[in-house]
Amino acid sequence: MSAQRIPKWFRAVAGATASLWIIVSIYYWLGAGGVRSYGASMSFERQHDFALLRIDDGRAFRVDKYGVSITKYRRGTFPFCPLCGVNESAGTVMNLAQYRKGDWVYTDYTQPFQEAVNLKTGEVIDIPEGEGKLEKLPPELAARGLDFESANKLDAGRVLAEFTPLSTINESCIVFNMAFLSIFAVLLVVGVVLAIRRPKEA
């Protein structure tokens, strides 16, 4: 597409949009909660952000405002990988992780997922019966030496400190990048039309 066939006003709009995208991205990666300019504001909605911390090549801790869970993860899809990070959640292994003893992470809530996961061997325990908080220690957990003692309560801070953080794709990043990508898609179409219809300047 020849630059001579694109009007100056269009190049100015495209350049300004690209500059704004870069500025917003810098603010985001510096940890800002949003941006404000000339009375207009945009929130990144970071309250939904989470961190993935590597357990192995397929599983990670997910730490968010609700607590700790264990999830599968995978490489994200282009263009949000690499624009927003590398990895994304790919299916829950266990919600509401409440305890950690040795290599075991487990919960005192029954759920549609697993109730205990061995971080080293990959062994899982699924308790099919019941719903809600477990008042008594299930025999499946007791047989492996697990308990609901307060000394074994899972500490989210220790998870964040002990495990390696993964480059994580968060919705807050996807939303504003999607907005800019949509604008650039429109500009691309307009630019192609202008290049085709506008006579080449001498």
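Considering only residues that are open to solvent by 40 Å² or more (accessible area, probe 1.4 Å), part of a helix (DSSP H, G or I), of a type outside the set (A, V, I, L, M) and touching a residue at least 24 places away in the same chain (Cβ under 8 Å), which ones fall in region 184-202?
PHE184
Could you list, in sequence order, all residues of region 63-75 that are free of Cβ contacts under 8 Å to residues at least 60 places away in the same chain and either open to solvent by less than 60 Å² (accessible area, probe 1.4 Å) or touching a His at 6+ places or on another chain (Cβ under 7 Å) (or both)?
Hits for region 63-75 are ASP64, SER69, ILE70, THR71.
Within region 76-93, can you find the residues that are assigned to a loop (DSSP other than H, G, I, E, B) and surrounded by fewer than 17 Cβ atoms within 10 Å (Cβ to Cβ)?
Scanning region 76-93 gives THR77, PHE78, PRO79, VAL86.
Would you tally the residues in region 94-117 being under 16 Å from VAL63 (Cα atoms), without any contact (Cβ under 8 Å) to a residue 40 or more places away in the chain and open to solvent by 20 Å² or more (accessible area, probe 1.4 Å)?
2
State whether the residues of region 133-147 include one that is closer than 30 Å to SER19 by Cβ and in contact (Cβ under 8 Å) with a residue 24 or more places away in the chain.
Checking region 133-147: not a single residue is closer than 30 Å to SER19 by Cβ and in contact (Cβ under 8 Å) with a residue 24 or more places away in the chain.
Being of a type in the set (Phe, Trp, Tyr) and either open to solvent by 40 Å² or more (accessible area, probe 1.4 Å) or part of a loop (DSSP other than H, G, I, E, B) (or both) is the filter here, so list the residues in region 138-183 that pass it.
Scanning region 138-183 gives PHE148, PHE163.
Suppose the filter is surrounded by fewer than 12 Cβ atoms within 10 Å (Cβ to Cβ), among the acidic types (Asp, Glu), within 22 Å of ARG158 (Cβ to Cβ) and out of contact with any helix residue (DSSP H, G or I) (no Cβ under 7 Å at 6 or more places or on another chain); does ASP56 pass it?
yes
Could you give every pair whose Cβ atoms fall below 6 Å, whose first residue belongs to region 42-55 and is β-branched (Val, Ile, Thr), and whose second residue is open to solvent by less than 30 Å² (accessible area, probe 1.4 Å), counting only separations of at least 6 or pairs across chains?
If the second residue must be open to solvent by less than 30 Å² (accessible area, probe 1.4 Å), the pairs left are ILE55/LEU119.
For ALA32, state whether it is modelled with pLDDT under 95 and not in a helix (DSSP H, G or I).
Criteria met by ALA32.
The values are calculated or read from the model by the stated rules, or taken from the named source; none is laboratory data. All values reported here derive from a predicted model rather than from experimental measurement. So basically every Cβ, Gly included, is an ideal-geometry build from the backbone, and we count neighbours across all protein chains shown. Protein only, heavy atoms only, side chains kept; ligands, DNA and RNA dropped before computing areas. Shrake-Rupley method; radii C 1.70, N 1.55, O 1.52, S 1.80 Å.
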